[in-house]
Amino acid sequence: MGEPAYDIGIIGLGVMGRNLALNMLDHGFGVAGFNRHLEKVSLLLQEAGEGNVLGAKSLDELAKALQKPRVVMMMVPAGRAVDEVIDELLPYLDAGDLIIDGGNSHYKDTDTRAKSLGEKRIHFLGVGISGGEKGARRGPSIMPGGPKEGYERVRNIFEAVAAKVDGEPCVTYLGPGSAGHYVKVVHNGIEYALMQLIAETYDLMKRSLGLSNDELAEVYESWNNAELQSFLIEITADIFRRVDDKTGSKLIDEILDRAGQKGTGKWTSQDAMDLQVPVPTIDTAVSMRDLSGYKDQREAASGILSGPTPRYDGDKDAFIGTVRNGLYAAMITTYAQGMALLQRASDVYDYGLALDEVARIWRGGCIIRAGLLEDIRSAFQSRRMLPNLMLDAELSRAIMERHDDLRQVIRAAVASGIPVSGFMASLGYLDVFRSGRLPANLIQAQRDFFGSHTYERIDEKGTFHTIWDRD
């Protein structure tokens, strides 16, 4: 082998790794790829054509082919596989080399790995990547965290392959340690919630209004051409038009109503609870995926637990408009929850996140990209430490213009017996947040009654305890 000629090594040539490698090749970077299953290496070489690519047959060969100091990016499943690859790779690396984890790793694992590798003078970046197969190939949103000098070494590669919006690459250095992977986890939590809300609009319009799949496709397409413009709304319109090759009917009607998950939504909820940041719409979305898995029990219950007949007797087109406005309000509260969590985590974990930049790089490439993110970016540009998006003048106005629609959606769903737990959680979050007074004083009194947990008073500073059952 001659002089090292490759800019970056990619370990893991599954759908995401292979397409990201091809993206890099398209932009003139030399890529050395490795996978334990050699057929995936062959597929990369086949699709790369005349690109500056090496299909390495071993980690030793990959390491020797890379320019020094080396850059190696892992695109393998989160968990044990990441540690196994690192352990196998280390004998072929030198101090100053850089390892990148481009998978959906838990942020605590990223911190542990960064510390261990730092002791060996190996740089480590935890990088969230969103956009799926097409995003990896044509331009994803990239969320890097770790040592700044490590990011600067791959900045030109990441900026070249990332999605572009208004000429700006959807990538930026987010902060030290696990900042990148943490932002990606919250991204996925928001994704869970938005998908749940959209699914509830589908259920409501199909069951109470009786809309056909073609009519639903037209509704979502029209929504995507206005303020609800987003990747998830766009693909929802496409989904309702897709015909099943096997049956000739619409494919959506042949898909079992059991939603899977890989855990990142749960991680968002778990850490939000640890940080005491409420994210009820995300929590509900995770729970609804869990409940969808109880298919047999749900079918049994449907024959035992009766409820209202789903129907809406009012003006159909007007109600569709109400659902659209209610969804927009719920989407704002969902982004508000996720951004509030990022704000708190940035303080606790010393990430130093610039949330206007987070919103900027989410505008393209990623699954939750939406026109709304422009307004969110502007909100944080105006007030960097904004604690909650619902305190921004423009976004609060948008919610107040639509909160009656959100309530009407829930009333109609309740009357029809159609579950809209995500909408209910979003409205509950809004109503709690706008309440200057809550009944938490009763909860605190109860805690003091049975557990002597004390309470605070409104007329005097300090903590107090009452013997409540005294004669």
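The values are calculated or read from the model by the stated rules, or taken from the named source; none is laboratory data. Computed from a prediction, not measured in an experiment: that's the story for all the values here. Quick reminder, even Gly has a Cβ in these numbers, built from the backbone with ideal geometry, and neighbours come from all protein chains shown.
Of all residues in region 426-463 being in contact with a Ser or Thr (Cβ under 6 Å, 6 or more places away or on another chain) and β-branched (Val, Ile, Thr), which is surrounded by the most Cβ atoms within 10 Å (Cβ to Cβ)?
Taking the candidates together, the pick is Thr454.
Based on what the data block shows, is Leu54 part of a strand (DSSP E or B) and either free of Cβ contacts under 8 Å to residues at least 40 places away in the same chain or on the phi < 0 side of the Ramachandran plot (or both)?
So Leu54 fits the description; yes.
To keep it simple, each residue is scored yes or no on (1) under 18 Å from Gly14 (Cα atoms); (2) modelled with pLDDT under 95; (3) more than 21 Å from the chain's Cα centre (by Cα).
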position: Gly131; (1), (2), (3): yes, yes, no
position: Gly139; (1), (2), (3): yes, no, no
position: Lys148; (1), (2), (3): no, no, yes
position: Tyr151; (1), (2), (3): no, no, yes
position: Asn156; (1), (2), (3): no, no, yes
position: Ala162; (1), (2), (3): no, no, no
position: Pro169; (1), (2), (3): no, no, no
position: Tyr173; (1), (2), (3): no, no, no
position: Gly177; (1), (2), (3): no, no, no
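Pick out the one residue from Ser306, Ser346, Ser287 that is polar (S, T, N, Q) and without any contact (Cβ under 8 Å) to a residue 60 or more places away in the chain.
Values: Ser346 fails: without any contact (Cβ under 8 Å) to a residue 60 or more places away in the chain; Ser287 fails: without any contact (Cβ under 8 Å) to a residue 60 or more places away in the chain.
Residue meeting the stated conditions: Ser306.
Does Leu66 meet the test of being at pLDDT 95 or above, buried (at least 21 other Cβ atoms within 10 Å of the Cβ) and under 19 Å from Tyr151 (Cβ atoms)?
Judged against the criteria, Leu66 is a match.
Looking at region 246-281, which of its residues are of a type in the set (D, E, K, R) and either surrounded by 15 or more Cβ atoms within 10 Å (Cβ to Cβ) or outside the structural domain of Met390 (by TED's automatic domain parsing) (or both)? Before the answer, list the steps.
Here is the first cut: in region 246-281, the residues of a type in the set (D, E, K, R) are 246, 250, 253-254, 257-258, 262, 266, 271, 274.
Lys250, Lys266, Asp271, listed by residue number.
Tally up the residues in region 118-139 that are under 10 Å from Asn19 (Cα atoms) and either in contact with a helix residue (DSSP H, G or I) (Cβ under 6 Å, 6 or more places away or on another chain) or among the acidic types (Asp, Glu) (or both), please.
3
I need the full set of residues from region 371-399 which are touching a strand residue (DSSP E or B) at 6+ places or on another chain (Cβ under 8 Å) and closer than 21 Å to Leu430 by Cα, in order please.
First, the residues of region 371-399 that are touching a strand residue (DSSP E or B) at 6+ places or on another chain (Cβ under 8 Å): 371-372.
If the condition is that a residue be touching a strand residue (DSSP E or B) at 6+ places or on another chain (Cβ under 8 Å) and closer than 21 Å to Leu430 by Cα, then Leu372 is the only one that fits.
Which count do you get for residues in region 362-386 that are surrounded by 21 or more Cβ atoms within 10 Å (Cβ to Cβ) and either among the acidic types (Asp, Glu) or in a helix (DSSP H, G or I) (or both)?
Adding up the residues that qualify gives 5.
Checking Met73 against (1) part of a helix (DSSP H, G or I); (2) under 32 Å from the mean Cα position of the chain (by Cα); (3) among the aliphatic types (A, V, I, L, M); (4) within 30 Å of Glu149 (Cβ to Cβ): exactly one of these is not met. Which one?
Condition (1) is where Met73 drops out.
Restricting to region 1-24, name every residue that is in contact with a Leu (Cβ under 9 Å, 6 or more places away or on another chain) and surrounded by 14 or more Cβ atoms within 10 Å (Cβ to Cβ).
Pro4, Tyr6, Asp7, Ile8, Gly9, Ile10, Ile11, Leu13, Gly17, Arg18, Ala21, Leu22, listed by residue number.
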